[in-house]
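See structure below.
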Protein chains: 2
Amino acid sequence: MATATRTVTEACLAAQHASHELASASTEVKDGALRRLAELLEERAADVLDANAADLADERVASLDAALRDRLALDRERIAAMAAGVLDIAGLPDPVGELLEERTLDSGLELRKLRVPLGVVAVVYEARPNVTVDCAALCLKSGNAIVLRGSSYAARSNAALATIVREAVDDANLPQGAAELVEGGERSELAELATQEGVVDLVIPRGGEGLKAALKKVATVPVMYAASGNCHVYVHADADLEMARRVAFNAKVQRPGVCNSAETLLVDVAVAESFLPGILGDLLEAGVELVGDAEARQAAGEVPVGEAGNEDWDTEYLGMKLVVGVVDSLDEAIEHVNRHGTGHSEAILTSSNEAAQRFTDAVDAAAVYVNASTRFTDGFEFGLGAEIGNSTQKLHARGPIGLRELTTTKYVLTGTGQVRE
Amino acid sequence: MATATRTVTEACLAAQHASHELASASTEVKDGALRRLAELLEERAADVLDANAADLADERVASLDAALRDRLALDRERIAAMAAGVLDIAGLPDPVGELLEERTLDSGLELRKLRVPLGVVAVVYEARPNVTVDCAALCLKSGNAIVLRGSSYAARSNAALATIVREAVDDANLPQGAAELVEGGERSELAELATQEGVVDLVIPRGGEGLKAALKKVATVPVMYAASGNCHVYVHADADLEMARRVAFNAKVQRPGVCNSAETLLVDVAVAESFLPGILGDLLEAGVELVGDAEARQAAGEVPVGEAGNEDWDTEYLGMKLVVGVVDSLDEAIEHVNRHGTGHSEAILTSSNEAAQRFTDAVDAAAVYVNASTRFTDGFEFGLGAEIGNSTQKLHARGPIGLRELTTTKYVLTGTGQVRE
């Protein structure tokens, strides 16, 4: 692999150089590269699987837990899913060149505000080889050069996939630097990547809290932190309790390991006794560990609920545990959500339009749901076609990070010799 | 002043509390507060001028240079200009509540993407009391609570103006915490302000490089750095040279102390000898110190041009000095601008549509001009009605920071019990 011997700085500079050409590549050329990438993924699946088998055979992998090993493992089906994802991205509208504003200024200048690529996007990720392809495809489509820094556990898989990406880029006559892979593993390389001021325009971490914390310490270039989600489901006094039971169950249990799953169930005191025994019984049966405040434990009836500690309200369990609280009012629920939430996804169950309006106005989060599961916060579900993560920041991008969120803007002003008086 | 005895943290928490109410304040109420503010500025002008006189009489002020003393000084006219600015802001469209997207998802969820306030915006600034009023008005209109941290040199003026702002806020039945003033002067207080994670949503520095550097060291909350501008004017081979002469002169001389003025003049080798003697003569006559590369010095003819050092190409003079270079081609000009520019405002003079297109495509800056002075990069000139600064960052806001740039978005999703399969 040519990439393996480059320094991080060399890779970033190559990406920057490529980014200038990529910024003015036509939609047709970029989509051509993506279609070729999808083809090559199918054609070279055997190479990728061999590389992946070598990664999995590494003795260090035995020390990973089952979930991480599963994320690292590829098979024909997963490769086909990557290829399908790339074709989906090829089918999305190109954000680059979108005319956002156009007007004639008092001075006579013709102002246009255009969407343009960011330039160089670096993605640092853990042992999930599919991220290599997903993120490269999103960056290519949005006209950005990408610097990929994966995990050393997936080094062979990532290298095999990056080779395919670079071949597709080359076949489309786009510059090789459009997709650079740097070796993962060393924290010093993470620092080198995250301090490329004026070269790397954005770093996106795709990984756990450890990776984010490591990045926070060293980064001097902008970072878009993918979100942790301490999400709440609040059952209002006027809720349809059957609907609330299905939604709360789904928000907790359907995929508890992801950031948009619920960690806290808040129930209005008016419906606590009628609602809690049913839903808590369902959750217990599904294997969810339950803790709660005194009122919730009492209202739970015969369902055993442990005593919640203060820290439970601020914990993203990312697993089969839920904390349950009883609130006296809509305002108390809003206050609780704003104090303990992480601004990701928050839901109210209510038949009252007024309560729904007040909750969606006052809750400070990227996505606020009325009568639906928090689990829908996702670029695909939101119709963005794809996502590179989900932002709980308020600046630049809030919510799923799709193609548009990988762009910036440029004002172009055309005159006839205007000068400022 | 009640504000004078509060800690920075207390002021920020009061602002956060107020921000929740402010976020759902109607346009009518916010504009009412702004109109009242304009009235009070006129009514209380004498109080403000007394406070300003006391600031100016402080013995420390004598040590300030003339330009800084001038910025600190208020008179009736400047107060009237502040009031007029506030009324202008009252007349602008309210960005809050703007519906940015609306669609029905495959799941049946009704998705809306709404513009919402950021929450709490902190502005740190130097001895320019007008910033107190300008920024408070922009934040009020955009539904944000503001924490103002001015310079101790302007403490009395700022306090007098903040009192008026708070009275206007109160008269409109908006919460007092909507505008908080904290004492300036201590760097420890700057750090306290810039580390209010989860409370302050954005810090905007309005000041010189020293202030920005101090903030960069300590800030953990997002900061939008107002730009430095190493701006270029490039005279292409196909330029209308008479127009180029007027535009280059204006870009340098009309107000050399601001960030959108030009610091470098690049001239295509094809027109260097015919163009340079005229424009350089104009500039010299206006009092501009000239330095240049060997080719420019030779093409300058009888106009004396000093020898440019390497550092000149990267210096924002912010004064009556200009560096002049000759380039061999459009591509060399683009490369020079992208290497040395700060991404603020860049201009090409050309009659060639093709050259103009290539320059505006390839130059990586917030604003790119064809046949006009760089001096137009400004919220007022761009029709934003006002600005709180100018961003050369690529994330969130690029170019003038107006009302919209002080907002974020929120997805609101309304369902009928949807769960994720």
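The values are calculated or read from the model by the stated rules, or taken from the named source; none is laboratory data. This one's a predicted model, so the numbers in the text were calculated from it and none came from an experiment. All Cβ positions, glycine included, derive from the backbone under ideal geometry; neighbour counts span all protein chains shown.
Taken over segment A:212-221, the residue count meeting the criterion of being under 20 Å from A:HIS396 (Cβ atoms) and hydrophobic (A, V, I, L, M, F, W, C) is 3. Where helices (runs of 4 or more DSSP H) fall wholly inside segment A:1-119, the ranges with 3 or more residues that are among the aliphatic types (A, V, I, L, M) and within 25 Å of the chain's Cα centre (by Cα) are A:8-23, A:27-43, A:66-72, A:76-90. Pick from segment A:221-240 the residues that are closer than 17 Å to A:ASP378 by Cβ, away from every other protein chain (no Cβ under 11 Å) and assigned to a loop (DSSP other than H, G, I, E, B): which of them is nearest to the chain's Cα centre (by Cα)? Restricting to residues being closer than 17 Å to A:ASP378 by Cβ, away from every other protein chain (no Cβ under 11 Å) and assigned to a loop (DSSP other than H, G, I, E, B), the top hit is A:ALA227. All conditions in (1) more than 13 Å from every other protein chain (Cβ to nearest Cβ); (2) within 24 Å of A:GLY198 (Cα to Cα) hold for B:LYS321, with the sole exception of (2). For the criterion of being under 18 Å from B:HIS396 (Cα atoms) and either crowded, with 20+ Cβ neighbours inside 10 Å or outside the structural domain of B:ALA67 (by TED's automatic domain parsing) (or both), B:MET224 passes. For segment B:394-421, a residue qualifies if it is more than 7 Å from every other protein chain (Cβ to nearest Cβ) and either closer than 29 Å to A:ALA262 by Cβ or touching a strand residue (DSSP E or B) at 6+ places or on another chain (Cβ under 9 Å) (or both), and the qualifying residues are B:ALA397, B:PRO400, B:ILE401, B:ARG404, B:GLU405, B:LEU406, B:THR407, B:GLU421. If you scan segment A:256-292, which residues turn out to be within 32 Å of the chain's Cα centre (by Cα), among the charged types (D, E, K, R) and more than 30 Å from A:ILE388 (Cα to Cα)? Scanning segment A:256-292 gives A:ASP268, A:ASP282, A:GLU285, A:GLU289.
Regarding segment B:197-204, can at least one residue be identified that is out of contact with any Cys (no Cβ under 6 Å at 6 or more places or on another chain), assigned by TED's automatic domain parsing to the domain that holds B:GLU316, acidic (Asp, Glu) and at pLDDT 90 or above? There is no residue in segment B:197-204 that is out of contact with any Cys (no Cβ under 6 Å at 6 or more places or on another chain), assigned by TED's automatic domain parsing to the domain that holds B:GLU316, acidic (Asp, Glu) and at pLDDT 90 or above.
Checked against (1) more than 14 Å from chain A (Cβ to nearest Cβ); (2) in contact (Cβ under 8 Å) with a residue 12 or more places away in the chain, B:GLU59 passes all but a single condition, namely (2).
This table checks each residue for (1) under 28 Å from the mean Cα position of the chain (by Cα); (2) touching a residue at least 40 places away in the same chain (Cβ under 8 Å); (3) outside any helix (DSSP H, G or I); (4) crowded, with 24+ Cβ neighbours inside 10 Å.
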{"site": "B:GLU311", "(1), (2), (3), (4)": "yes, no, no, no"}
{"site": "B:LEU318", "(1), (2), (3), (4)": "yes, yes, yes, no"}
{"site": "B:LEU322", "(1), (2), (3), (4)": "yes, yes, yes, yes"}
{"site": "B:ASP331", "(1), (2), (3), (4)": "no, no, no, no"}
{"site": "B:ILE348", "(1), (2), (3), (4)": "yes, yes, yes, yes"}
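Filtered by the rule that a residue be surrounded by fewer than 22 Cβ atoms within 10 Å (Cβ to Cβ) and β-branched (Val, Ile, Thr), segment B:86-134 gives a lone residue, B:THR104. Within segment A:194-208, can one find any residue that is buried (at least 23 other Cβ atoms within 10 Å of the Cβ), part of a helix (DSSP H, G or I) and touching a strand residue (DSSP E or B) at 6+ places or on another chain (Cβ under 9 Å)? Looking through segment A:194-208, at least one residue is buried (at least 23 other Cβ atoms within 10 Å of the Cβ), part of a helix (DSSP H, G or I) and touching a strand residue (DSSP E or B) at 6+ places or on another chain (Cβ under 9 Å). Taking (1) touching a strand residue (DSSP E or B) at 6+ places or on another chain (Cβ under 6 Å); (2) within 18 Å of A:GLY143 (Cβ to Cβ) in turn, A:VAL223 satisfies each apart from (2). Do we find a residue being closer than 27 Å to B:LEU395 by Cβ and part of a loop (DSSP other than H, G, I, E, B) anywhere in segment B:261-271? Yes, the conditions are met somewhere in segment B:261-271.
Residues checked against (1) within 11 Å of chain A (Cβ to nearest Cβ); (2) of a type outside the set (Ser, Thr, Tyr); (3) touching a residue at least 60 places away in the same chain (Cβ under 8 Å):
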{"site": "B:ARG245", "(1), (2), (3)": "yes, yes, no"}
{"site": "B:ASN250", "(1), (2), (3)": "yes, yes, yes"}
{"site": "B:VAL253", "(1), (2), (3)": "yes, yes, yes"}
{"site": "B:GLY257", "(1), (2), (3)": "no, yes, yes"}
{"site": "B:ASN260", "(1), (2), (3)": "yes, yes, yes"}
{"site": "B:VAL267", "(1), (2), (3)": "no, yes, yes"}
{"site": "B:PRO277", "(1), (2), (3)": "no, yes, no"}
{"site": "B:LEU280", "(1), (2), (3)": "no, yes, no"}
{"site": "B:LEU283", "(1), (2), (3)": "no, yes, no"}
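For segment A:378-411, filtered to residues that are within 27 Å of A:ALA248 (Cα to Cα) and not in a loop (DSSP other than H, G, I, E, B), the residue that is nearest to the chain's Cα centre (by Cα) is A:ASN390. Every test in (1) within 11 Å of another protein chain (Cβ to nearest Cβ); (2) of a type outside the set (A, V, I, L, M); (3) over 19 Å from the mean Cα position of the chain (by Cα); (4) part of a helix (DSSP H, G or I) is passed by A:LYS216 save one, and that test is (3).
Tell me, yes or no, whether segment A:204-220 has at least one residue that is touching a residue at least 12 places away in the same chain (Cβ under 8 Å), of a type in the set (Ser, Thr, Tyr) and either touching a Pro at 6+ places or on another chain (Cβ under 7 Å) or more than 25 Å from A:ASP378 (Cα to Cα) (or both). Yes. Quick one: which of B:ARG358, B:ARG339, B:ARG375 is part of a helix (DSSP H, G or I), within 11 Å of chain A (Cβ to nearest Cβ), of a type in the set (Lys, Arg) and within 20 Å of B:TRP313 (Cβ to Cβ)? Within the list B:ARG358, B:ARG339, B:ARG375, the selection yields B:ARG339. For segment B:8-26, taking the residues that are away from chain A (no Cβ under 14 Å) and not aliphatic (A, V, I, L, M), the one that is nearest to B:LEU148 (Cα to Cα) is identified as B:CYS12. Flag: A:THR195 does not match the condition of being without any contact (Cβ under 8 Å) to a residue 12 or more places away in the chain and among the β-branched types (Val, Ile, Thr).
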